[in-house]
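K.L.:
Before I ask anything, here is the structure I am working with.
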Amino acid sequence: YRVPLRRAPDVRQACEEAYGPAEGPSVTSLRELLGLIGAHEWRRKGVAVPALGGDRIHPHYGVFSPVRGEYVDLVARAPLPDDRGTAYDIGTGTGVLAAVLARRGVGRVMATDQDPRALACARENVARLGLAGRVEVVEADLFPPGRAPLVVCNPPWVPARPTSPVEYAVYDPGGRMLRGFLDGLAGHLAPGGEGWLILSDLAEHLGLRPREELLGAFDAAGLRVVDRLDTRPVHPRATDPDDPLHTARAAEVTSLWRLAAG
């Protein structure tokens, strides 16, 4: 992995982290290469997470970075159930939400994902934070076996098709993960337990998913809303009038829906 130009940066480590060992000549776009370099720098330096007391999460290439921290802050301030013995973090990604739950006093967190990049990333972050004894990262398509008093999920927010690995954390074709979580939630909640769905309404402002569709999915899955915590985005694009999605971003609200069965 090298760019045969005199002033080109050394891209070997960035490419190996994303693609694995080099096996011969390869071609990629400049945009992709710049993305690899950016992902490598994020992984090397980490992202400070206020909800973890400023400790850093180190995202891997293709795993959503918690650089937009408002969804993490929602999980940090939502009231925990009385039974804090076990929680599931569905689609854990970097493992940031599992780490927040463990730091808040949940005894055991099972963090699931089916992406090998995310599984490796979450395990590395959990170990780095000293939480390997309380957070178990397991490969699963959504839920692990059993039931828990608390089940948390932050699915991709936009029901559209991704075009690169890093977009899988943002785009959810047909709302597959959202629907799968909602449809399976009641069957994985312990009696009196709660499911926390963390979801931006950006798709609603883009005309891709009306609010009525989301509320209808709750009803169809046999779920009721206990409460909802909202927050506004604080990232620069939300206030940038030159951003092509400025109108939608300026109106965006991220919510933590507290759901219960029945």
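K.L.:
For segment 51-71, which positions are among the aliphatic types (A, V, I, L, M) and either at pLDDT 95 or above or not in a loop (DSSP other than H, G, I, E, B) (or both)? Can you show your working first?
P.N.:
First pass over segment 51-71, keeping only residues among the aliphatic types (A, V, I, L, M): 51-52, 57, 63, 67.
Passing the criteria: Ala51, Leu52, Ile57.
K.L.:
Considering only residues of segment 172-213 that are within 21 Å of Ala250 (Cβ to Cβ) and without any contact (Cβ under 8 Å) to a residue 40 or more places away in the chain, which is surrounded by the most Cβ atoms within 10 Å (Cβ to Cβ)?
P.N.:
Glu204
K.L.:
Can you name the condition, by its number, that Pro155 falls short on among (1) open to solvent by 10 Å² or more (accessible area, probe 1.4 Å); (2) assigned to a loop (DSSP other than H, G, I, E, B); (3) under 21 Å from Val96 (Cα atoms)?
P.N.:
The one condition Pro155 does not meet is (1).
K.L.:
Next question, about the same structure. Being crowded, with 20+ Cβ neighbours inside 10 Å and not in a helix (DSSP H, G or I) is the filter here; which residues of segment 103-120 pass it?
P.N.:
Within segment 103-120, Val106, Val109, Met110, Ala111, Thr112, Asp113 meet the criteria.
K.L.:
Count, please, the residues in segment 121-152 that happen to be of a type in the set (A, V, I, L, M), open to solvent by 30 Å² or more (accessible area, probe 1.4 Å) and either not assigned by the TED database to the domain that holds Glu252 or not in a loop (DSSP other than H, G, I, E, B) (or both).
P.N.:
Number satisfying all stated conditions: 1.
K.L.:
List pairs: first residue in segment 101-124 and farther than 16 Å from Pro59 by Cα and among the hydroxyl-bearing types (Ser, Thr, Tyr), second residue open to solvent by 50 Å² or more (accessible area, probe 1.4 Å) and modelled with pLDDT of 95 or more anywhere in the structure, Cβ distance under 7 angstrom, at least six positions apart or on different chains.
P.N.:
none
K.L.:
Test each condition in (1) over 17 Å from Val96 (Cβ atoms); (2) aliphatic (A, V, I, L, M); (3) within 14 Å of the chain's Cα centre (by Cα) for Leu189 and report the one that comes out false.
P.N.:
(3)
K.L.:
Any chance you could count how many residues in segment 15-50 are part of a loop (DSSP other than H, G, I, E, B) and open to solvent by 60 Å² or more (accessible area, probe 1.4 Å)?
P.N.:
Number of matching residues: 7.
K.L.:
Restricting to segment 71-102, give me the number of residues that are over 12 Å from the mean Cα position of the chain (by Cα), under 22 Å from Arg43 (Cα atoms) and open to solvent by 10 Å² or more (accessible area, probe 1.4 Å).
P.N.:
1
The values are calculated or read from the model by the stated rules, or taken from the named source; none is laboratory data. Quantities reported herein were computed from a predicted structural model and do not represent experimental measurements. Every residue, glycine as well, gets a Cβ built from its backbone with ideal geometry; the counts of neighbours run over all protein chains shown. Calculation scope for accessible area: heavy atoms of the full protein, side chains included, ligands and nucleic acids excluded. Shrake-Rupley method; radii C 1.70, N 1.55, O 1.52, S 1.80 Å.
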